[in-house]
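Accompanying notes for the structure given below.
What follows is calculated from the coordinates using simple rules that are stated; it is not laboratory data. All of these numbers come straight from a predicted model, not from anything done at the bench. Positions of Cβ are backbone-derived with ideal geometry, glycine not excepted, and every protein chain shown enters the neighbour counts.
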Amino acid sequence: MKPILVIEDEAIMRESLRDWLTESGYQVATVENGEEALKTITERDFGLLILDLRLPGKDGLHVLKEARANRPELRGIIITAYPSLETAVEAMKEGAVDYLAKPVDLNQLEKLIEDTLGPVQVEIRPPKVEKAKKAPEVPAEIPARLREVSDRSSLIQVLLEMQRQNRWLSKEALEWVSHKLDIPLTQVYNIATFYKAFSLVPQGRHSVSVCTGTACHVRGAPRLLDKATETLKVNPGATSKDLRFSLNTVNCLGCCALGPVIEIDGKYYSDPSPDELKKIVSRCE
């Protein structure tokens, strides 16, 4: 049976998929970007690609298209946290077996792999050594009230509480939750990346959002975003080095009549001048 190549830029997702597939008896290789994937495909014969849609450099669709141009028999499964009808149709045209939205149903993914490659033969499965898995140490950022939680159905509530408490979800925290609730790390990671309420990178103590929707855009949202970037000394989508501010853009804040609008810690400000914005920011410790 030909091996599987997992192409995913997020380390947790890449490693957890590798471990899960290996335990299921498949041979697996992993890469983290499109260019590396295409190079690897020329050096080794794969039976299936599992590709994230959004990759650094060439995206998953471009990788699948170029790979199949040289090896038409090669198939791919696209996974994405940003599904759309357009990319789903394009994926099918490029020979994708299927197009799965995150969080991915592992049972569905396993069925797709088996349908494509055939069932794993018992004799090629790696020998399993039955031993208790050592519980990971409890990360310091896990709130005390969550340390005894064991109900699998509380996964989202646990992640929400950790996000609220720490303003992000660390790799160690996700691994601890996976073990504590006995939920595959892949599934935990899928949930953590699917919902915008969660962040896998540290967030600032103060949240700043600039609306870039149509109404705000025509009234000067790009100019307001430039003012926010200059005042906060941080680019959109990033967090300041001192973890004081996180700056993001949103499609709508629900107050189009006030546009352009900036939201800071839940309060809305209509097109503040540079001096007004500096005064507002100065009050954020």
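At-a-glance table
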| read-out | value |
| --- | --- |
| GNM result for the chain, Cα springs below 10 Å: residue of Ala192, Ala67, Ala228 fluctuating most strongly | Ala228 |
| Cα gyration tensor category, rounded, prolate or oblate, for the chain with a/c compared to 1.5 | oblate |
| The stretch 1-85: GluC sites (Glu not before Pro) in DSSP loop, at most 12 other beta carbons within 10 Å | Glu73 |
| Sparse-neighbourhood loop sites, GluC sites (Glu not before Pro) in the stretch 134-212 - DSSP loop, at most 11 other Cβ within 10 angstrom | Glu137, Glu148 |
| Separation between Cα centres of the stretch 1-76 and the stretch 184-219, rounded to whole Å | 27 |
| Filtered trypsin sites (Lys or Arg not before Pro), the stretch 163-255: DSSP coil and at most 11 other beta carbons within 10 Å | Lys196, Lys241 |
| Flagged links, alpha-carbon separation over 20 Å, of Lys102/Lys267; Lys65/Lys196; Lys102/Lys196; Lys58/Lys111; Lys2/Lys39; Lys2/Lys171 | Lys102/Lys267; Lys65/Lys196; Lys58/Lys111; Lys2/Lys171 |
| Karplus-derived 3J(HN,Hα), 6.51/-1.76/1.60, for each residue of the stretch 22-34, Hz, glycine and proline x | 5, 5, 7, x, 8, 8, 9, 10, 9, 9, 10, 8, x |
